[in-house]
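Participant: Submitted below is the structure of interest, expressed as structure tokens.
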Amino acid sequence: MKRVIFNQKGGVGKTSISCNLAAISAWKGHKTLLIDLDIQGNSSEYLIGPQFRDLEDNAADFFKQKLSLFGKSKEASDCIYETEFENLYLMPSHPELAVIERELETRHKIYKLRDALNKLQTEYEHIYIDTPPALNFYSRSALIAADSLVIPFDCDSFSQGALMGLMETVEEIREDHNPALKLEGIVVNQFQAQASLPTQLIDNMKADGLPIFDQYLSSSVKMKESRSRQIPLIHYAPSHKLTQQLLSLHDSLEGKAKGKATAKSA
């Protein structure tokens, strides 16, 4: 399963959700890969620390070699590192992704990530892709490469407006590039049960027929602590309420994936 976590709006929890779902997958015994395509490298820093910028091979190197007809060819597998957490692997980001983006676009390299992941999925049971908070070359590449999409949503009116535009983008990607792309659902993040606006927005989205996961992720200082200490919640605070919500979300996602696989084989 190749799963992309994407929203064009920043600050909705893409990194936190990507890293923690991948960590839970690995903790459950699945060989899991997280690909960090966000130039800021927040997922890379979360899982291996600020030294990710010094790694010799990274996501930028993977894409760079697609621009050259000469020199040593670099496979995606050459740009993947084992983290300190069992079964969890990372293709780290790098600031140079910003430098090469325009050339990748003009030379039509949009399908290179898809081709690489089709090979990698024979080695990794689960692949998660963290994306930049913008519809650019890297997020489009991820949407074209993925089997499914999870959208983080942080319950404000601006985010709801951005969500409608994102749904149109997903449909365009599906029609033009990836007809198999499935929207698994929308994850409500930083949910505050005492506030009326979040509940009202969720009710409106459900009325519009949007797939909302039953697991609403609470706002918690534990997430900030987890990121600061570079330890995913399943290892840092396994019994915490937010960790249990993420575990339930992971199990719900896997249930959907198994149901889809069963339907295909029937």
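Participant: Regarding the range 132-143, can at least one residue be identified that is aromatic (Phe, Trp, Tyr), under 23 Å from GLY209 (Cβ atoms) and in contact (Cβ under 8 Å) with a residue 40 or more places away in the chain?
Facilitator: No; the residues of the range 132-143 include none that is aromatic (Phe, Trp, Tyr), under 23 Å from GLY209 (Cβ atoms) and in contact (Cβ under 8 Å) with a residue 40 or more places away in the chain.
Participant: A further question on this structure: Can you find a residue in the range 3-24 that is over 14 Å from the mean Cα position of the chain (by Cα), closer than 20 Å to ILE127 by Cβ and among the small types (Gly, Ala, Ser)?
Facilitator: no
Every residue, every condition in (1) touching a strand residue (DSSP E or B) at 6+ places or on another chain (Cβ under 8 Å); (2) without any contact (Cβ under 8 Å) to a residue 12 or more places away in the chain; (3) closer than 25 Å to LYS224 by Cβ; (4) not β-branched (Val, Ile, Thr), yes or no:
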| residue | (1), (2), (3), (4) |
| --- | --- |
| ARG53 | no, no, yes, yes |
| GLU103 | no, no, no, yes |
| LYS109 | no, no, no, yes |
| TYR128 | yes, no, yes, yes |
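Participant: Checking the condition out of contact with any Gly (no Cβ under 8 Å at 6 or more places or on another chain), in contact (Cβ under 8 Å) with a residue 12 or more places away in the chain and not acidic (Asp, Glu), which residue from LEU166, LEU217 passes? If you could, list the steps in order and put the result at the bottom.
Facilitator: Values: LEU217 fails: out of contact with any Gly (no Cβ under 8 Å at 6 or more places or on another chain).
When all the criteria are applied, what remains is LEU166.
Participant: I've got another one for you. Would you mention how many residues in the range 179-213 are in contact (Cβ under 8 Å) with a residue 60 or more places away in the chain and buried (at least 19 other Cβ atoms within 10 Å of the Cβ)?
Facilitator: 5
Participant: Can you name the residue in the range 200-256 that is more than 18 Å from the chain's Cα centre (by Cα) and acidic (Asp, Glu) and is also farthest from PHE85 (Cα to Cα) among such residues?
Facilitator: Checked the range 200-256; the qualifying residue farthest from PHE85 (Cα to Cα) is ASP208.
Participant: If you take just the helices (runs of 4 or more DSSP H) that sit entirely in the range 1-92, which of them hold at least 3 residues that are among the polar types (S, T, N, Q)?
Facilitator: Of the helices (runs of 4 or more DSSP H) lying wholly inside the range 1-92, those with at least 3 residues that are among the polar types (S, T, N, Q) span 14-27, 42-48.
Participant: Can you find a residue in the range 205-218 that is out of contact with any helix residue (DSSP H, G or I) (no Cβ under 7 Å at 6 or more places or on another chain), of a type in the set (S, T, N, Q) and either at pLDDT below 95 or over 18 Å from THR131 (Cβ atoms) (or both)?
Facilitator: The answer is no; no qualifying residue exists.
Participant: Restricting to the range 141-168, name every residue that is among the hydroxyl-bearing types (Ser, Thr, Tyr) and at pLDDT 90 or above. Steps first, please.
Facilitator: First, the residues of the range 141-168 that are among the hydroxyl-bearing types (Ser, Thr, Tyr): 141, 148, 157, 159.
Within the range 141-168, SER141, SER148 meet the criteria.
Participant: Looking at the range 1-36, which of its residues are charged (D, E, K, R) and more than 23 Å from ALA76 (Cβ to Cβ)?
Facilitator: LYS9, LYS28
Participant: I've got another one for you. For residues in the range 122-159 being polar (S, T, N, Q) and surrounded by fewer than 16 Cβ atoms within 10 Å (Cβ to Cβ), which is nearest to the chain's Cα centre (by Cα)?
Facilitator: The first filter runs over the range 122-159 and keeps only residues polar (S, T, N, Q), leaving 122, 131, 136, 139, 141, 148, 157, 159.
Add one more test, that the residue is surrounded by fewer than 16 Cβ atoms within 10 Å (Cβ to Cβ), and what stays is 122, 157.
Working: THR122: 19, SER157: 23 Å.
Looking at the filtered set, the residue picked out is THR122.
Participant: Of the residues LEU163, LEU217, only one is crowded, with 17+ Cβ neighbours inside 10 Å and farther than 30 Å from ASP115 by Cα; which?
Facilitator: LEU217
Participant: Give the residue that is surrounded by the most Cβ atoms within 10 Å (Cβ to Cβ), with candidates limited to residues of the range 227-240 that are closer than 22 Å to ASP251 by Cβ and without any contact (Cβ under 8 Å) to a residue 12 or more places away in the chain. Give the derivation first.
Facilitator: Let us first name the residues in the range 227-240 that are closer than 22 Å to ASP251 by Cβ, namely 231-240.
Pick out the ones that are also without any contact (Cβ under 8 Å) to a residue 12 or more places away in the chain and you get 231, 238-239.
Details: ILE231: 17, PRO238: 12, SER239: 6.
Only one residue tops the list, namely ILE231.
Per-residue answers, yes or no, for (1) more than 30 Å from TYR216 (Cα to Cα); (2) charged (D, E, K, R); (3) touching a Cys at 6+ places or on another chain (Cβ under 6 Å); (4) at pLDDT below 95:
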{"residue": "GLN8", "(1), (2), (3), (4)": "no, no, no, yes"}
{"residue": "TRP27", "(1), (2), (3), (4)": "no, no, no, no"}
{"residue": "LEU33", "(1), (2), (3), (4)": "no, no, no, no"}
{"residue": "ALA59", "(1), (2), (3), (4)": "yes, no, no, no"}
{"residue": "LYS64", "(1), (2), (3), (4)": "yes, yes, no, yes"}
{"residue": "THR83", "(1), (2), (3), (4)": "no, no, no, no"}
{"residue": "LEU97", "(1), (2), (3), (4)": "yes, no, no, no"}
{"residue": "GLU101", "(1), (2), (3), (4)": "yes, yes, no, no"}
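Participant: Residues in the range 16-49 that are more than 15 Å from THR83 (Cβ to Cβ) and surrounded by 20 or more Cβ atoms within 10 Å (Cβ to Cβ): how many?
Facilitator: 5
Participant: Please determine whether any residue of the range 69-92 is small (Gly, Ala, Ser), surrounded by fewer than 22 Cβ atoms within 10 Å (Cβ to Cβ) and under 14 Å from the mean Cα position of the chain (by Cα).
Facilitator: The answer is no; no qualifying residue exists.
The values are calculated or read from the model by the stated rules, or taken from the named source; none is laboratory data. Treat the numbers as computed from the prediction; the structure is a model and nothing was measured. For neighbour counting, all protein chains shown are included, and Cβ atoms are generated from backbone atoms with ideal geometry for every residue, glycine included.
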